[in-house]
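Undergrad: I'd like to ask some things about the structure below.
The values are calculated or read from the model by the stated rules, or taken from the named source; none is laboratory data. Only a predicted model underlies this, so the values are computations on that prediction, with no experimental measurement involved. Neighbour counts run over all protein chains shown; Cβ positions are idealised from the backbone, glycine included.
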Amino acid sequence: MKRPEIGVITVLDEEAGEIDKVAAFGLRCAQVSSWNPALATPKVARALKKRSTDAGVRLTAIWGGYSGPREWNFTRGPVTLGLIPPEYRETRVRELCKWADFAAEAGAPAVITHCGFLPENLTDPSFEPVAVAIQTVAEHCRGLGLGFWFETGQETPVVLLRFIQEIGLDNLGINLDPANLVMYGKGNPIDALSVFGKYVRAIHAKDGRPPSDGLRLGPEVKVGTGFVRYPEFIPALLGCGFEGDLTIEREISGEEQNRDIRDTVRYLSSLLDAAGSH
């Protein structure tokens with residue numbers, strides 16, 4: 001079985017200069033993220049492809065954001081995020097399809113995004129229109145030979161499984177952010193693998209703590225200091241046959257972020273070594 005490779009998430013700019021930071025960490029793969037759909041152009045995609053090739057960095061996915069309001073909380077989050085709000089749905093479908101075109105041009109294999117607080121029940125009136133919107137994006141990705149991967153967190157594992165089954169396209173997958181499951185109070189990452197493990201294509205190596213306030217997410221913390229329980233999570237993940245990448249995401253900035261990323265590379269490497277010896 002292929003050993004997962006450790007990478008890092010990096011931010012897209014017009015010159016794709018952030019890619020150089022990936023190699024500076026001694027890493028050779030990265031997800032590239034942007035909340036600016038205006039950057040999803042062939043020119044920027046070609047610049048990213050050249051810069052990543054020159055730096056020896058493999059692009060594992062494009063994390064595509066969208067326009068309009070976004071609030072990361074339990075009050076306005078359910079009505080502003082992803083493909084849930086009907087007033088932004090059509091625009092965001094177009095923007096995600098643009099990111100798919102961008103990913104194909106740049107040489108990345110998939111597009112990832114938060115689809116929002118997915119409705120729980122098949123009988124919910126919003127279930128079908130949200131599923132149709134996701135299907136539209138996924139079909140566009142499929143036509144380009146790309147995967148479309150859900151970023152976890154805003155829905156329980158079984159709800160995400162339900163959407164994948166109902167839409168039924170073979171290019172749907174999951175970018176599992178185990179910290180998000182904890183921070184949103186939606187699930188235990190290790191148990192979640194029993195629900196949707198076979199659909200996990202990539203991991204955000206991030207950590208967090210549960211919410212202690214019914215209005216706000218729990219805090220994100222350095223990998224190994226939260227509730228994900230990585231010494232148990234990594235073997236469970238490998239037990240699902242996972243062969244994707246572990247992409248480090250640390251949601252702070254500056255030198256502390258750089259230091260934590262380096263520490264996380266060492267930490268994850270030690271866990272992979274230990275898991276490989278059993």
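Undergrad: All but one of (1) surrounded by fewer than 15 Cβ atoms within 10 Å (Cβ to Cβ); (2) outside any helix (DSSP H, G or I); (3) of a type outside the set (A, V, I, L, M) hold for residue 63; which doesn't?
TA: Answer for residue 63: the failing condition is (1).
Undergrad: Okay, next question. Which of the residues belonging to the range 205-235 are touching a helix residue (DSSP H, G or I) at 6+ places or on another chain (Cβ under 9 Å), among the acidic types (Asp, Glu) and closer than 25 Å to residue 75 by Cα? Write out each step before concluding.
TA: Taking the range 205-235 first, the residues touching a helix residue (DSSP H, G or I) at 6+ places or on another chain (Cβ under 9 Å) are 205-211, 217-224, 226-235.
Next, only the ones that are among the acidic types (Asp, Glu) stay: 207, 220, 232.
If the condition is that a residue be touching a helix residue (DSSP H, G or I) at 6+ places or on another chain (Cβ under 9 Å), among the acidic types (Asp, Glu) and closer than 25 Å to residue 75 by Cα, then 207, 220 are the ones that fit.
Undergrad: Inspect the range 248-271 for any residue being closer than 20 Å to residue 1 by Cα, at pLDDT below 95, more than 18 Å from the chain's Cα centre (by Cα) and not in a helix (DSSP H, G or I) and give the result as yes or no.
TA: From the range 248-271, those closer than 20 Å to residue 1 by Cα are 268-271; that's our starting set.
Narrowing further to those that are at pLDDT below 95: none.
No: zero hits.
Undergrad: Can you name the helices (runs of 4 or more DSSP H) wholly within the range 161-246 that have at least 1 residues being at pLDDT 95 or above and farther than 17 Å from residue 117 by Cα? Reasoning before the result, please.
TA: Details: elements: 178-183, 189-196, 230-239.
Where helices (runs of 4 or more DSSP H) fall fully within the range 161-246 and carry at least 1 residues being at pLDDT 95 or above and farther than 17 Å from residue 117 by Cα, they are 189-196, 230-239.
Undergrad: Yes or no: residue 39 closer than 25 Å to residue 92 by Cβ, in contact with a Gly (Cβ under 7 Å, 6 or more places away or on another chain) and among the aliphatic types (A, V, I, L, M)?
TA: On the way: closer than 25 Å to residue 92 by Cβ: yes; in contact with a Gly (Cβ under 7 Å, 6 or more places away or on another chain): no; among the aliphatic types (A, V, I, L, M): yes.
It is false that residue 39 is closer than 25 Å to residue 92 by Cβ, in contact with a Gly (Cβ under 7 Å, 6 or more places away or on another chain) and among the aliphatic types (A, V, I, L, M).
Undergrad: Next question. If you check every pair at least six apart or on different chains, which have Cβ atoms under 6 Å apart with a residue in the range 72-94 that is within 13 Å of residue 131 (Cα to Cα) first and a residue that is polar (S, T, N, Q) second?
TA: 93/136
Undergrad: Of (1) surrounded by 15 or more Cβ atoms within 10 Å (Cβ to Cβ); (2) of a type in the set (Asp, Glu); (3) under 29 Å from residue 143 (Cβ atoms), residue 170 satisfies all except one. Which?
TA: Every condition holds for residue 170 apart from (1).
Undergrad: Which of the residues that make up the range 34-43 are touching a residue at least 24 places away in the same chain (Cβ under 8 Å) and either over 20 Å from residue 145 (Cα atoms) or crowded, with 23+ Cβ neighbours inside 10 Å (or both)?
TA: In the first step, residues of the range 34-43 are kept if they are touching a residue at least 24 places away in the same chain (Cβ under 8 Å); the result is 34-37, 39-42.
Selection gives 34, 35, 36, 37, 39, 40.
Undergrad: Any residue in the range 244-270 that is closer than 21 Å to residue 149 by Cβ sitting within a Cβ distance under 6 Å of a residue that is modelled with pLDDT of 95 or more and among the basic types (Lys, Arg)? List the pairs, counting only those 6 or more apart or interchain.
TA: These pairs meet every condition: 244/201; 249/206.
Undergrad: Being of a type in the set (Lys, Arg) and surrounded by 12 or more Cβ atoms within 10 Å (Cβ to Cβ) is the filter here; which residues of the range 256-277 pass it? Don't jump to the end; show me each part of the working.
TA: We begin by selecting, within the range 256-277, every residue of a type in the set (Lys, Arg); these are 259, 262, 266.
Residues satisfying the conditions are 259, 262.
Undergrad: Another question, if that's okay. Looking at the range 132-151, is at least one residue closer than 14 Å to residue 85 by Cα, part of a loop (DSSP other than H, G, I, E, B) and either of a type outside the set (A, V, I, L, M) or modelled with pLDDT under 95 (or both)?
TA: Here is the first cut: in the range 132-151, the residues closer than 14 Å to residue 85 by Cα are 132-134.
Right, trim to part of a loop (DSSP other than H, G, I, E, B) and you get none.
Checked the range 132-151: no residue is closer than 14 Å to residue 85 by Cα, part of a loop (DSSP other than H, G, I, E, B) and either of a type outside the set (A, V, I, L, M) or modelled with pLDDT under 95 (or both).
Undergrad: Could you list all residues from the range 245-255 that are crowded, with 19+ Cβ neighbours inside 10 Å and among the hydrophobic types (A, V, I, L, M, F, W, C)? Walk me through it before giving the result.
TA: Here is the first cut: in the range 245-255, the ones crowded, with 19+ Cβ neighbours inside 10 Å are 245-250.
Listed by number, the residues that qualify are 246, 248.
Undergrad: Further question on the same structure: Among 41, 91, which is modelled with pLDDT of 95 or more, under 19 Å from residue 10 (Cα atoms) and polar (S, T, N, Q)? Break it down into steps so the answer makes sense when it comes.
TA: Numbers: 91 fails: under 19 Å from residue 10 (Cα atoms).
Exactly one of 41, 91 is modelled with pLDDT of 95 or more, under 19 Å from residue 10 (Cα atoms) and polar (S, T, N, Q), namely 41.
Residue-by-condition table, conditions (1) within 15 Å of residue 41 (Cα to Cα); (2) touching a helix residue (DSSP H, G or I) at 6+ places or on another chain (Cβ under 6 Å); (3) aliphatic (A, V, I, L, M):
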residue	(1), (2), (3)
90	no, no, no
94	yes, no, no
99	yes, no, no
104	yes, no, yes
108	yes, no, yes
112	no, no, yes
116	no, no, no
119	no, yes, no
122	no, no, yes
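Undergrad: Being loosely packed, with under 14 Cβ neighbours inside 10 Å and either modelled with pLDDT of 95 or more or over 27 Å from residue 259 (Cβ atoms) (or both) is the requirement here; does residue 86 meet it?
TA: On the way: loosely packed, with under 14 Cβ neighbours inside 10 Å: yes; either modelled with pLDDT of 95 or more or over 27 Å from residue 259 (Cβ atoms) (or both): yes.
When the stated conditions are applied, residue 86 passes them.
Undergrad: Looking only at the range 13-33, count how many residues are aliphatic (A, V, I, L, M), in a loop (DSSP other than H, G, I, E, B) and in contact (Cβ under 8 Å) with a residue 40 or more places away in the chain.
TA: The number of residues fulfilling the criteria is 1.
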